[in-house]
Amino acid sequence: AKMASLVELDGITDEADDVSRSHTNILVAVDGSPAADEAVHKAFTRHYRDGDRIDLVYCLEKKKFADVLPSEAAKRKEEMAATADRLKRKYDALYKERGAKGTFHCVSSWDAQEGIMAVIAKKNVDVLIVGTRGFGAVKSFFLGSVSKYLTQHAPCSVIVIKPPKSEVPAAHLAEVAAS
């Protein structure tokens, strides 16, 4: 059974800071994967204009440690926190290098979809950019797809960035070639 919805958005304000509505508020979902890195790269190189705001969001997904032993849950939490810290340092440097406005947000939620949707609502997002890992239809059906969910439910435009071909799982390339 799914736990009650609780999204912790510490420090995220309702307003889009000092960005006027003539500029775009962009949100990029990141998870440390090559697909997310590609989404960030394309957000900055293809979609960002001077005056826009690019916020990044990483979700600490509580469902990833809900049904495991306490020792394993603690280990997973530590790994996710370390990933969040590494990504924050990496993207803070990118903001500085680009002279861009924006913030790296780390939110705690049951799953990534819930956390991303909460940030969209709080930050008045115009465009959401997400990466996709390129899983085949069967794997996506069983595991779910964050990008698919967001394209169907987000109240803003959603751009889905495919991973570089070298990063697409070999099994998926074989599945596509066979069809």
Quickly work out the A66-to-E97 label distance, labels modelled 7 Å from Cα along the C-beta direction, and quote it in nm with one decimal. 3.7
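Would you work out what percent of the accessible area of segment 41-99, with all protein chains in place, is carbon or sulfur (probe 1.4 Å)? Don't jump to the answer; show the numbers that get you there.
Values: 1830 of 3690 Å².
Percent of accessible area from carbon and sulfur atoms in segment 41-99: 50.
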Estimated FRET transfer efficiency when R0 is 22 angstrom, pair S22-K165 (beta carbons, to 0.05): 0.05
Treat each spin label as a single point 7 Å out from the Cα along the C-beta direction, and report the Q152 to K77 distance in nm. 3.2
Which of K101/K162; K77/K148; K75/K165; K64/K96; K64/K90 exceed 30 Å between C-alpha atoms? The answer is K75/K165; K64/K96
Under a 1.4 Å probe, what is the accessible area of segment 57-129 per residue, stated in Å²? 51
Quick calc, segment 37-148, dipole around Cα centre from Cβ unit charges on Lys, Arg (+) and Asp, Glu (-), nearest 20 debye, gives 140
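The values are calculated or read from the model by the stated rules, or taken from the named source; none is laboratory data. As the structure is a computational prediction, the values presented were derived from the model and not from experiment. Using ideal geometry, Cβ is built from the backbone for each residue, glycine included, and neighbour counts are taken over all protein chains shown. For the accessible areas, the whole protein counts, side chains as well, though only heavy atoms, and no ligand, DNA or RNA atoms are used. Shrake-Rupley method; radii C 1.70, N 1.55, O 1.52, S 1.80 Å.
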